[in-house]
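Engineer: Structure in C-alpha cells, see below.
The values are calculated or read from the model by the stated rules, or taken from the named source; none is laboratory data. Predicted model only: the values in this text are computed from it and were never measured.
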Amino acid sequence: MNQAWEESFKGEVPPARTSVIVAGLPLGAEVEIEFQLVVAQAT
C-alpha cells in the first residue's frame, strides 16, 4: 500500500490517509473508503 501511495503522488505532498483493521464490514463489504475534502469559499 505504501509503495502504491508513493508512486501515485510522486513529487507532490500526498493527502492524509488512515488505515483501520476490522473483523468485518457491514453488508459484507470488502473495503471501506474514507475521504475528506476542502471546498473553497467564493470571494
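Engineer: So which residues in the range 18-34 are modelled with pLDDT under 80 and of a type outside the set (A, V, I, L, M)? Can you show your working first?
Structural biologist: Going through the range 18-34, the residues modelled with pLDDT under 80 turn out to be 18-21.
Passing the criteria: T18, S19.
Engineer: Among the residues that make up the range 10-23, is at least one of them assigned to a helix (DSSP H, G or I) and within 16 Å of the chain's Cα centre (by Cα)?
Structural biologist: No, every residue in the range 10-23 fails to be assigned to a helix (DSSP H, G or I) and within 16 Å of the chain's Cα centre (by Cα).
Engineer: With the structure loaded, tell me whether E30 is acidic (D, E), within 11 Å of the chain's Cα centre (by Cα) and in a loop (DSSP other than H, G, I, E, B) or whether it fails that test.
Structural biologist: No; evaluated as a whole, the condition is false for this residue.
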